[in-house]
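One structure below.
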Amino acid sequence: MKILNIGSLNIDKTYSVKRFVQPKETIQALKYEEFCGGKGLNQSVALARAGAEVYHAGAVGADGALLVNMLENSGVHTDHLLKTAGASGHAVIQIDESGQNNIIICGGANRELTKEYIDSVLGHFGPEDLLLLQNETSNVGYAIGKAKEKGMTVALNPSPADDAIKSFPLSLVDYFIINELEGRELAGIESEEPEKIMAALLEKFPGAHFVLTLGENGAYYFDGGKKAFHDIFRVKAVDTTGAGDTFCGYFIAGLSKGLDVETILAQASAASAISVGRKGAAPGIPTMAEVKEFLERN
Ligand code: RIB
């Protein structure tokens, strides 16, 4: 199975701060660094480092060489990448002393994916292949519909959650990789109880498969016939940016290799824990060898 990830690529402009800036306040950053990021790029890097065959489609601007290099050096196929004349997408990220982040994204080239471009990329893939999408690029809903017309499996990480998601043909999605907030929004319920969120999601999308990540409280896989859970590995957080993307990439990689769900959740949880202990979104993503070594020790 080949994996096509049509997703964002961002230059992460990252400010280490003692604590997040408040309204009307000006604060001094402790450090400024730039990393490769974007939910799409992070997930492709995680997929490749987990050993999957992944093709990244998306767009970079004239300043995007470091993003393309990151993908290629990680083993991601970049044949279908689009190069535009404008600026690449970027993110402004604050990391506080506890490793938590807040993020503003600015779309740039990520918003230049046209329906024609998506059609031309999908032309290289077929029913044995999987399309992975997030919510940081243009025409995501269109890509879902077209991929299903071709018989592809579709996995959606609807992140960051916003109103655009409601216009996507969500009933066509085979795999949802979601956090608690996204789960509540998709299910259309207020409850914060995982059991209620899971029940509501299955009622709304009975044929779909779900991964529900609950931060400190672990992660569930569930579908109409199966449910599995894995707790998090507790590590000291240095930078949580990209931890969810690492989990998502490792999960899809495990699926593509036909591993059982319990093994996939363990590997994805370990990969995510390792990434939390490292600086930067894409640079912090571990290889499968590192994940296996971590699992032997923990
Ligand atoms: O999920 C983390 C990512 O979100 C960052 O790399 C940033 O670019 C934003 O897309």
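The values are calculated or read from the model by the stated rules, or taken from the named source; none is laboratory data. Quick caveat: nothing in here was measured; it's all calculated off a predicted structure. Methodologically, a virtual Cβ is constructed for each residue, glycine included, from the backbone with ideal geometry; neighbour enumeration extends over all protein chains shown. Quick note on the areas: whole protein, heavy atoms, side chains included, nothing else; ligands and nucleic acids left out. Shrake-Rupley method; radii C 1.70, N 1.55, O 1.52, S 1.80 Å.
A few comments on the model shown:
- Per-residue [θ]222 nm for the chain (sum of -39500 (n - 2.57) over DSSP H runs n ≥ 4, rounded to 500): -10000 deg cm²/dmol
- Orientation-averaged projection of region 118-195 equals 5.3 nm² [convex hull of Cα atoms, one quarter of hull surface area].
- For region 252-265, putting each phi into the Karplus relation 6.51 cos²θ - 1.76 cosθ + 1.60 with θ = phi - 60° gives couplings of 5, 4, x, 4, 5, 8, x, 6, 6, 4, 4, 5, 4, 5 Hz, in residue order, rounded to whole numbers and with x for Gly and Pro.
- Quotient of Cα Rg and 2.2 N^0.38 Å for region 198-298, N being how many residues it contains: 1.07
- For residue 150, the lysines whose Cα comes closer than 19 Å to its Cα, not counting residues fewer than 8 places off in the same chain, are 2, 115.
- Residue-span extension gain [residue 119 to residue 298] - 0.36 nm each, minus C-alpha spacing: 60.0 nm
- For the Cα trace of the chain, dividing Rg by the Kirkwood Rh returns an Rg/Rh value of 0.94.
- Segments 44-51, 14-21 sorted - mean Cβ within 10 Å per residue, highest first: 44-51, 14-21
- Calculated P(r) tail over 27 Å for region 131-278, as whole % of Cα pairs: 17 percent
- A straight Cα-to-Cα reach below 20 Å connects residue 13 with the lysines 31, 39, 279, residues fewer than 8 places away in its own chain not being considered.
- A 1.4 Å probe run over the protein chains yields, for the chain, 43 Å² of accessible area per residue, whole-number rounding.
- Note on the chain: with neighbouring protein chains present and a 1.4 Å probe, carbon and sulfur make up 51 percent of its accessible heavy-atom surface.
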